[in-house]
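Student: Mind looking over this structure? Questions follow.
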Amino acid sequence: MAGIGIKLSRIFSKETILTNLLGFGYSMMVTVTPMFVVIANIMLMSWVLGYNTMGYASRNLFSASMLYIFIFSLLTASPFNAVLSRYLSDVIYDEDYGDILPCYYVGMILNVIFSCLFGIVFCIRWYLVGNAPLYYVFTSFCGYIALVLVFYSMLYLSICKDYKKISAFFFSGMLAAFLLSLLFVRVFRMDIAYSMLLALTMGFVCTAVLENATIQRYFKFNSNRYRKVLSYFKIYWKLVVINFAYSLGLYIHNFVFWRSELRTVVDNVFVMAPSYDVATYLAMITNISASVIFIARVEMHFHDRYKAYSEAVTGGRWQDINNTKKRMFRQLSGELMSLVRLQFIVSVVVYLVLLIFLPRFGFAGMPLMIYPCLAAGYFILFVMYAEIIFLYYFNDMNGALLTTLSFCIMTFLGSCAARTLSEIWYGLGVVIGSAVGFCIAYSRIQWVERHLDNHIFCRGILFPATKERKPTAKVYPK
């Protein structure tokens, strides 16, 4: 992410209103534009094609299919991406660019196989137990795998700092999906729900193909060293657990309420809690700007201090090392507080706007009762994620692992307890889990500050470890 900070530093350095707006727009394009493009396309398709004119069962089936496609494509991809990202960073640092394509192929195979293990079993059960036709089930499965490939390929384009192309590919794919949905409904007179599902699936395939073609164009040489990629999963297994625990924690409170009295069962296989899910979506939208602020401010300023400290370690005096370390951690603390202040202002404004305007568009009742507590929880959650990124900076895998596991477990337990309370406290599990994770992450950052010298200077290896036959005990022959 350091490349983003360099780009933003150039934009913000002019210190004008226009450049500030450009910097904020660039940050948004990097972080949240792909998600909003997909959401906007689904809303536009629904409005143009007359989604509200469909039957209640058809609408619920389409909503449930898209919900499961998005949630479980993110979950099944999460165990691999952090390790692959670490491998790519090391490869680029060593300038072994021929190892990137083996990483891409190995990661793709692992992602697809792992995703299919769950997707095929679910689709078989859906076809046997549900009432959806086989072509609808198969199209949903294809959309799920296509989105897995989209999210996976985004990792490599992010490493290449090609964020503009990521947004452009999503826009192209969703434009193709919109035009295809019009063709299916207006020309071929197909069912609206299935037309939207098929068009979105083809749009995801289009986006995945464009991403794949760009990666193949960037990296043409293949070293064929595939075993080296697999060895990283053994070395950095903690990253697998960290990323999966964090991703699971984002949705585990939804899973708890899918088993509550709020749940709705669609087509005998899809379990949802529409009121709670809508409130979760609103809470995420309220605080999503934290990602933009984090990119625009935290990494932009912190990276320079981190770089200065690294340069002092490699070639500076002891006094320079101590001074740059103190400045780095002061910057870290200050930027975390700035993130909290700015996001608090944004969240309060968005919260008031949603409370005023949502009832006019039919959003009222249970979702708005659940929404406030969830909004508070997601506010803490996004700040906690910023702390996890800082722990990555200092290679504190134990701290990040403890943070994400605590967050996931406490969110689950808190949601189980909150399910017995009144509706306004249903989001208490997210608040508890995020607060516990935030406190642990912050304490680990303080621990890293106290022990950073030990970590930097006392973990070197004089003799590299090798695996070979034990030498003989004979010193010399007679």
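Student: Pull out a ≥ b ≥ c, the square roots of the eigenvalues of the alpha-carbon gyration tensor of the range 142-235, then state rounded if a/c is under 1.5, prolate if not and a/b is larger than b/c, and oblate in the remaining case.
Tutor: Prolate, since a/c reaches 1.5 and a/b exceeds b/c.
Student: Over the C-alpha atoms of the range 296-392, what are the Rg and the largest Cα-to-Cα span, Dmax, in Å?
Tutor: Cα-based Rg and Dmax for the range 296-392 come out at 19.6, 64 Å.
Student: Right, another one. Would you mind working out the magnitude of the charge dipole of the chain relative to its Cα centre, with +1 at each Lys and Arg C-beta and -1 at each Asp and Glu C-beta, to the nearest 20 Debye?
Tutor: 1120 debye
Student: Please identify which residues in the range 77-112 have an amide N closer than 20 Å to a label point set 7 Å out from the Cα of Arg217, following the Cα→Cβ vector.
Tutor: Within reach of a label on Arg217: 98, 100-102, 104-105.
Student: Using only the alpha-carbon atoms of the range 40-114, report the extent along each of the three principal axes, biggest first, to the nearest angstrom.
Tutor: So the three principal-axis extents are 57, 24, 16 Å.
Student: Order of 105-118, 270-283 by packing, highest average Cβ count within 10 Å first?
Tutor: Ranked from most to least packed, the peptides come out as 270-283, 105-118.
Student: Could you give the nm distance between label points at Ile345 and Arg360, where each point is 7 Å from its Cα heading toward the beta carbon?
Tutor: About 2.5 nm separates the two model spin labels.
Student: For the chain, what is Rg from Cα atoms divided by 2.2 N^0.38 Å, rounded to two decimals?
Tutor: 1.06
Student: For the range 391-430, what are Rg and Dmax over the alpha carbons, in angstrom?
Tutor: According to the Cα coordinates of the range 391-430, Rg and Dmax are 13.8, 42 Å.
Student: Let me ask another. Tell me the chymotrypsin sites (Phe, Trp or Tyr not before Pro) within the range 124-200 that lie in a loop according to DSSP and have at most 10 other beta-carbon atoms within 10 Å.
Tutor: In loop regions of the range 124-200 (DSSP not H, G, I, E or B), the sparsely surrounded chymotrypsin sites (Phe, Trp or Tyr not before Pro) are Phe188.
Student: Given a 1.4 Å probe, how much area per residue of the chain is accessible, in Å²?
Tutor: Solvent-accessible surface per residue comes out at 50 Å².
Student: Shifting gears a bit: What Kirkwood hydrodynamic radius do you get for the range 345-440 when you take the inverse of the mean 1/r over all pairs of distinct Cα atoms, in Å?
Tutor: It works out to 14.4 Å.
Student: Let me ask another. May I ask you to evaluate 6.51 cos²θ - 1.76 cosθ + 1.60, the Karplus curve with θ = phi - 60°, for each residue of the range 438-451 and list the ³J(HN,Hα) values in order in whole Hz, giving x for glycine and proline?
Tutor: Using θ = phi - 60°, the values come out as 4, 5, 5, 5, 5, 5, 5, 4, 5, 5, 4, 4, 6, 10 Hz.
Student: Tally up the carbon and sulfur contribution to the accessible surface of the range 81-238 as a whole percent, 1.4 Å probe, everything protein left in place.
Tutor: Answer for the range 81-238: carbon and sulfur cover 69 percent of the accessible area.
Student: A follow-up question, please. Report the relative contact order of the range 348-456, percent, no decimals, based on alpha-carbon pairs under 8 angstrom and at least 6 residues apart.
Tutor: Worked out over the range 348-456, it gives 34 percent.
Student: Over all Cα pairs of the range 219-284, how is the pair count split among 10 Å bins, expressed in % and running from 0 up to the last occupied bin?
Tutor: Reading upward from the zero bin: 17, 28, 20, 18, 15, 1.
Student: Taking Cα centroids, how far is the range 43-78 from the range 371-424 in Å?
Tutor: Taking the Cα centre of the range 371-424 as reference, the centre of the range 43-78 is 27 Å away.
Student: Right, another one. For the residue pair Asn268 and Phe255, what label-to-label distance in nm results when each label sits 7 Å from Cα along the Cα-to-beta-carbon direction?
Tutor: Distance between label points: 2.5 nm.
Student: I need the trypsin sites (Lys or Arg not before Pro) found in the range 153-257, filtered to DSSP loop residues with at most 16 other beta carbons within 10 Å of theirs.
Tutor: Qualifying residues, ordered by number: Lys161, Arg189, Lys220, Arg225.
Student: Next question, about the same structure. What's the longest bit of the chain with no exposed GluC sites (Glu not before Pro), using DSSP loop states and at most 12 other Cβ atoms within 10 Å as the test?
Tutor: The answer is 262-467.
Student: With 22 Å as the limit, write out which pairs from Lys165/Lys220; Lys165/Lys238; Lys228/Lys307 have Cα-Cα distances beyond it, or answer none.
Tutor: Over 22 Å Cα-Cα: Lys165/Lys238; Lys228/Lys307.
Student: Can you report the principal axis dimensions of the range 90-203 using only the alpha carbons, biggest first, rounded to whole angstrom?
Tutor: 54, 32, 14
The values are calculated or read from the model by the stated rules, or taken from the named source; none is laboratory data. Since we're looking at a predicted model, the values are computed, not measured. Cβ coordinates were reconstructed from backbone atoms using ideal geometry, including for glycine residues, and neighbour counts include every protein chain displayed. Side chains included, ligands, DNA and RNA excluded: accessible areas come from the protein's heavy atoms. Shrake-Rupley method; radii C 1.70, N 1.55, O 1.52, S 1.80 Å.
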